[in-house]
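Structure in structure tokens, see below.
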Amino acid sequence: MRGDLGRSLYTQRPVGALIAERLPATALLALAALLVAVLLALPLGTVAALFPRTWIDMAATFVALIGVSMPSFWLGPLLILAFAVRLGWLPVAGRGDGSLAYLVLPAVTLGTALMALLTRMTRAGLLEVLQADYIRTARAKGLSEWVVVGKHAFRNALLPLVTLLGLQGGALLSGAVITETIFAWPGLGELTVRAIQQRDYPVVQGCVLVIALIYVVVNLLTDLCYAWLDPRLHFGARR
């Protein structure tokens, strides 16, 4: 209750201080991975929904299938071999001097699986919404297809996406253990793995507690987003 999580058995430093040092790196990696996933998934899912059962739809679905099928412990070393060892475009691991170049490979590795899930969810949600009566009415009024999709359809298809982002966002913020270990990223996941290997129980307990709190906070924010996206939920709660 006082926020005293004890001291590390290995370094004798306060556990709270160790976690506070690692949280910014994990938050930066999670936000970068989320940005990668959203920027790739929303266009792919939208295009797939607008052209169902065409080669465009099949191509977007194939990309999503590849993304969800590649585990991070395989994709991470593959990206290191391709872009760091062979081509030399990006650094191998660590955080270095804080340059964004060190963030690219772990963010892509972490965001690929989420991108695949978001693509499939966006496609399914938009396909369902585009069959609704109000979409047919909007088209009958002479609105352009992009206005119909962007203003009327997309917002109503966001609820399942927000649910998925809330669940996956909690996982990202709590520290992608495998990705941070592969790239030696100094975040909460890497700290947890190191503490387990050293049998540093106070640090392990502190990390688990912080991860649980992050999940609770992210899910609370997700519920608040529901009321903003769909006013009917807000009015229903009042009644």
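Evaluate the range 90-98: report whether one residue or more is closer than 30 Å to Ala212 by Cα, out of contact with any Phe, Trp or Tyr (no Cβ under 7 Å at 6 or more places or on another chain) and surrounded by fewer than 18 Cβ atoms within 10 Å (Cβ to Cβ).
Yes, there is a match, as at least one residue in the range 90-98 is closer than 30 Å to Ala212 by Cα, out of contact with any Phe, Trp or Tyr (no Cβ under 7 Å at 6 or more places or on another chain) and surrounded by fewer than 18 Cβ atoms within 10 Å (Cβ to Cβ).
Quick one: which helices (runs of 4 or more DSSP H) lie wholly within the range 115-229 and hold at least 3 residues that are modelled with pLDDT of 80 or more and farther than 24 Å from Pro77 by Cα?
133-140, 201-229
Among the residues of the range 156-167, is there at least one that is under 19 Å from the mean Cα position of the chain (by Cα), closer than 22 Å to Val108 by Cα and small (Gly, Ala, Ser)? Give the derivation first.
Quick first cut of the range 156-167, residues under 19 Å from the mean Cα position of the chain (by Cα) only: 157-167.
Filter once more, keeping what is closer than 22 Å to Val108 by Cα: 161-167.
Subsequent filtering for residues that are small (Gly, Ala, Ser) retains 166.
Within the range 156-167 (the criterion being under 19 Å from the mean Cα position of the chain (by Cα), closer than 22 Å to Val108 by Cα and small (Gly, Ala, Ser)), the answer is yes, since at least one residue qualifies.
For Gly187, state whether it is over 22 Å from Phe62 (Cα atoms), surrounded by 17 or more Cβ atoms within 10 Å (Cβ to Cβ) and free of Cβ contacts under 8 Å to residues at least 60 places away in the same chain.
no
Here is a further query. Out of all the residues in the range 82-92, is one or more in contact with a Gly (Cβ under 7 Å, 6 or more places away or on another chain) and within 19 Å of Glu190 (Cβ to Cβ)?
Checked against the condition, which is being in contact with a Gly (Cβ under 7 Å, 6 or more places away or on another chain) and within 19 Å of Glu190 (Cβ to Cβ), the range 82-92 yields no hits at all.
Might you let me know whether the range 100-107 holds any residue that is more than 20 Å from the chain's Cα centre (by Cα), among the aromatic types (Phe, Trp, Tyr) and at negative phi? Write out each step before concluding.
Within the range 100-107, the subset more than 20 Å from the chain's Cα centre (by Cα) is none.
No: zero hits.
State which residue pairs qualify: first residue farther than 13 Å from Ala116 by Cα and inside the range 28-52, second residue part of a helix (DSSP H, G or I) and of a type in the set (Val, Ile, Thr) in any location, beta carbons under 6 Å apart, and separation of 6 or more residues or different chains.
Between residues of the range 28-52 that are farther than 13 Å from Ala116 by Cα and residues that are part of a helix (DSSP H, G or I) and of a type in the set (Val, Ile, Thr), the close pairs are Val47/Ile56.
While we're looking at this one, here's another question. Among Ala82, Ala41, Ala49, Ala64, which is over 15 Å from Ile178 (Cα atoms) and surrounded by fewer than 21 Cβ atoms within 10 Å (Cβ to Cβ)?
Ala82
So that you can scan it fast, the table gives a plain yes or no per residue for (1) assigned to a helix (DSSP H, G or I); (2) more than 28 Å from Thr192 (Cβ to Cβ); (3) more than 17 Å from the chain's Cα centre (by Cα):
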{"site": "Gln12", "(1), (2), (3)": "no, no, yes"}
{"site": "Ile19", "(1), (2), (3)": "yes, no, yes"}
{"site": "Leu29", "(1), (2), (3)": "yes, no, no"}
{"site": "Leu34", "(1), (2), (3)": "yes, no, no"}
{"site": "Gly67", "(1), (2), (3)": "yes, no, no"}
{"site": "Leu81", "(1), (2), (3)": "yes, no, yes"}
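Which residues, taken from the range 176-185, are closer than 9 Å to Thr26 by Cβ and not charged (D, E, K, R)?
Correct list: Ala176, Trp185.
Consider Val216 against the criteria (1) without any contact (Cβ under 8 Å) to a residue 12 or more places away in the chain; (2) farther than 20 Å from Leu29 by Cα: it satisfies all of them except one. Which criterion is unmet?
(2)
Of Val85, Val162, which residue is more than 13 Å from Ala33 (Cβ to Cβ) and either among the hydroxyl-bearing types (Ser, Thr, Tyr) or in contact (Cβ under 8 Å) with a residue 12 or more places away in the chain (or both)?
Going through Val85, Val162 in turn, the sole match is Val162.
The values are calculated or read from the model by the stated rules, or taken from the named source; none is laboratory data. This structure is a prediction, so every number in the text was calculated from the model and none was measured. For neighbour counting, all protein chains shown are included, and Cβ atoms are generated from backbone atoms with ideal geometry for every residue, glycine included.
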